[in-house]
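In what follows, a single structure is set out as structure tokens and then discussed.
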Amino acid sequence: MDPQELTPEELEKKKKKEEKAREKNLKKLKAAQKAEKFQAQKTSSALESGKKKISKKEADAENPEDYIDPVTPEGEKKKLSCQMAKAYSPSAVEKSWYEWWEKSNFFVADADSSKPPFVIVLPPPNVTGALHIGHALTAAIQDTIIRWRRMSGYNALWVPGTDHAGIATQVVVEKKIMREMKLTRHDLGRERFVAEVWKWKNQYGGTILKQLRRLGASLDWSREAFTMDEKRSAAVTEAFLRLHKEGLIYRDLRLVNWDCVLRTAISDIEVVEYIDIKDITHLKVPGYENRVEFGVLTSFAYPLEGDSGEIVVATTRVETMLGDTAIAIHPEDKRYSHLHGKYAIHPFSGRKLPIVCDAVLVDMGFGTGAVKITPAHDPNDFEVGKRHNLEFINIFTDDGKINSNGGPDFVGMPRFKARVAVTEALIEKGLFRGKKVNDMRLGICSRSNDVVEPLIKPQWYVNCKSMAQEGLDAVIDENNPRLQIIPKQYAAEWKRWLENIRDWCISRQLWWGHRIPAWYAILNDDELKEIGLNNDRWIVARNEKEAQEEANRIFSGKSFQLHQDPDVLDTWFSSGLFPLSVLGWPNSTSDLETFYPTSVLETGHDILFFWVARMVMLGMKLGGDLPFTKV
């Protein structure tokens, strides 16, 4: 029948029949594809299983030594295993490479090279310790910079070195000899003690250098420096001589922060940590069995001359009244106007104490409006003493005991035991007027945990004013900034430090360090034969022979003996010279000519002043240029 002759009903039936046939065929096709896929997976699984069996057999037949690096003779290029190890082992991978790099002089810079120089000085870690994670970070940063420059065609030099760390090293060795020998450094004597420190340094001081090699740091070990080696020591002596000749190093009697355990002056901005005390507090102090009371203001009365009454003062350090030489009042305080030009009497020594008018120090509204003045043991009182030409009486020995100036009732007492004894003596004399809680800041030495004692001592100082100004201008000169500090916000800290700089106390009463190159002449006809009594007797020289020649010229025809200053220099003095001294200064070396100034310094912001500023000041003064252009 012709399709055209089909009725509409028949056409609809035919259409449905064809659709069912198509659906049936589609289902058959899908089933066939599924069966084919299953068979393929089955075959693949069988093949994989076979491969694994073969692989296991092959593995059983492998030699484990193929995965182990052969022994490399020291200094030769590393011999590698024929198969790469399946697991990463840092010690196996890193072994032997560094010895070959070092022997091959890959990191040695050439002072005669025509390549442009790029120089970094490694901030010298203290010889006392071992590197920590912070050193790993900074070494990695510096190594990245120096390798990049080396590969970029520069004559790259990265100078290694270590710092002798005066106080830190001395403390470590003092503890060691006490532990092992039950002796103090004073029991040993200076010569034997210093020998012990060198022995310790040679035995343990190399730890840091080994660690730097283990880190893979590409340092030029041919130029390795130690702040107390022969070349660096000669640089320190020369720097002292030149600065002294210019009048920038001088000796003066001033108040210092004194550590009675270490028996040395310490830096008030570096070594001293401060505790804020808000209530009566009992603290453990080295050398005392019982805890010591702080946070107390003690009031007591001074009798006036001629039994004309009394004047009440207050202090947190009542033991220092043994060294009082005056009482200060405000010139406009009507309560004391009748005492202008009068005297009080010291109850233990009978010493007459002038009552002075001082508007700078005295606050009429604080306490009684009268202030005891101890010029030799308090920074504010020291200034009052200078303004009014008062007597400066030191009442402490170097180990913190009361000396003969404190009077026979208290001599030999440790200072904090004397605190109790003086209070009891004041009570006995009817002069004690009570005590109350007083907020205070207490200075503690971070090295010894001793309570810092202000003490008047003759010390050597560096006048930093002009050098600091040059260092300041190099950073803040908007038209021509020659020194860039990164991140730039630290330029504000740089400005704050250098604008408010004080003269730098560079002498330390230690035995480990650079001995001060100054000799004191004691004439045979001198009545007082104590070192340091007369500043005109000091002779600064490179060595004793030169000092003797100069003394013969100055004291011609007189008999005398020379005594070298027993003090040593602040550690920061030698490390401040480091960019110069590692390159051979003060000699005119090819290294100095090629590599100074250095290029960049990477360091911690916490020593921006202690180290960086001092390098800049000394570098510009002695080296004629900034030691680096970026920090």
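The values are calculated or read from the model by the stated rules, or taken from the named source; none is laboratory data. Small disclaimer: the values here were computed from a predicted structure and weren't measured. Please note: Cβ atoms are built from the backbone with ideal geometry, for glycine as well, and neighbour counts cover all protein chains shown. Side chains are part of the model used for accessible areas, which takes the heavy atoms of the whole protein and leaves out ligands, DNA and RNA. Shrake-Rupley method; radii C 1.70, N 1.55, O 1.52, S 1.80 Å.
What base-10 log of the normalised intensity I(q)/I(0) is obtained for region 56-100 from the Debye formula, alpha carbons as equal point scatterers, at q = 0.15 Å⁻¹?
So the normalised log intensities are -0.43.
Using only the alpha-carbon atoms, how far is helix 8-61 inclined from the longest principal axis of the chain? Give it as 0 to 90 degrees, nearest 10.
Tilt of helix 8-61: around 60 degrees.
For the Cα atoms of the chain, what angle does the longest principal axis make with the long axis of helix 490-499, in degrees from 0 to 90, nearest 10?
10
Rounded to two decimal places and with Rh computed the Kirkwood way over Cα pairs, what is Rg over Rh for region 222-322?
Radius of gyration over Kirkwood radius for region 222-322 works out to 1.18.
Can you send over the carbon and sulfur percentage of the accessible area for the chain, probe radius 1.4 Å, protein chains only?
51
Packing-wise, with mean Cβ within 10 Å as the measure, how do 465-478, 213-226 rank, highest first?
For the peptides 465-478, 213-226, the packing ranking is 213-226, 465-478.
Just checking my list (i) 172; (ii) 252; (iii) 390 against volume of the Cα convex hull per residue in Å³ computed from this structure; which label fits?
Checking each listed value against the structure points to (iii).
If r is the Cβ-Cβ distance from Asn587 to Lys429 and R0 is 51 Å, what FRET efficiency results, to the nearest 0.05?
Efficiency for this residue pair is about 0.15.
With just the Cα atoms defining each centre, how far is region 89-106 from region 552-603? Give it in Å.
Cα centres, region 89-106 to region 552-603: 36 Å.
Output wanted: per-residue J couplings in Hz (rounded whole) for region 231-243, from phi through Karplus 6.51 cos²θ - 1.76 cosθ + 1.60, θ = phi - 60°, x for Gly and Pro.
These are the phi-based 3J(HN,Hα) values: 5, 5, 5, 5, 5, 4, 4, 5, 4, 4, 4, 5, 5 Hz.
Nothing charged except the Cβ atoms of Lys and Arg (+1) and of Asp and Glu (-1): what's the magnitude of the dipole of region 346-442 about its Cα centre? Round to the nearest 20 debye.
Value, rounded to 20: 220 debye.
Along the Cα→Cβ direction, 7 angstrom out, place labels at Thr72 and Tyr288. What is the inter-label distance in nm?
With each label placed 7 Å out from Cα toward Cβ, I get 6.0 nm.
What is the distance in Å between the Cα centroid of region 205-259 and that of region 361-413?
Region 205-259 and region 361-413 have Cα centres separated by 37 Å.
Roughly what would the spin-label model give for Phe555 and Trp97, points 7 Å off Cα along C-beta, in nm?
Here the modelled spin labels are 6.3 nm apart.
Tell me, what is the FRET efficiency for Asp229 and Ile275 to the nearest 0.05, using R0 = 41 angstrom and their Cβ-Cβ distance as r?
0.60
In degrees, nearest 10, range 0 to 90: what is the angle between the Cα axis of helix 190-204 and the longest Cα principal axis of the chain?
0
Please list the non-local residues whose amide H lies under 5 Å from the amide H of Glu305, H modeled 1.01 Å from N, same-chain partners needing a gap of 5 or more.
Here Tyr343, Ala344, Ile345 satisfy the definition.
Using the Karplus equation 6.51 cos²θ - 1.76 cosθ + 1.60 (θ = phi - 60°), what ³J(HN,Hα) coupling, rounded to whole Hz, does each residue of region 450-458 give in order, writing x for Gly and Pro?
Coupling constants for region 450-458: 7, 6, 5, 10, x, 9, 8, 9, x Hz.
Please list, ordered by chain and number, the residues whose modelled amide H lies under 5 Å from the amide H of Leu183; skip anything fewer than 5 residues away on the same chain.
Met178
Of the listed peptides 311-319, 241-249, what is their order by residue-averaged count of other C-beta atoms within 10 Å, with the highest listed first?
Most protected by this proxy first, the peptides run 311-319, 241-249.
Using a simple spin-label model with points 7 Å from Cα along the Cα→Cβ vector, what separation in nm is obtained for Arg179 and Ala21?
Going from the Arg179 label point to the Ala21 one covers 10.1 nm.
So what is the calculated 222 nm ellipticity per residue for the chain, using -39500 (n - 2.57) for each DSSP H run with n of 4 or more, over all residues, to the nearest 500 deg cm²/dmol?
-11500 deg cm²/dmol
May I ask you to order 118-131, 13-26, 177-190 by the average number of other C-beta atoms within 10 Å around their residues, highest value first?
Packing proxy ranking, top to bottom: 118-131, 177-190, 13-26.
Pick out, from Leu562, Phe294, Pro517, the residue whose Cα sits farthest towards the positive end of the charge dipole of the chain, with +1 on the Cβ of Lys and Arg and -1 on the Cβ of Asp and Glu.
The Cα lying farthest towards the positive end belongs to Phe294.
How compact and how long is region 452-523, expressed as Rg and Dmax of its alpha-carbon atoms in Å?
Answer for region 452-523, Rg first and Dmax second: 17.6, 57 Å.
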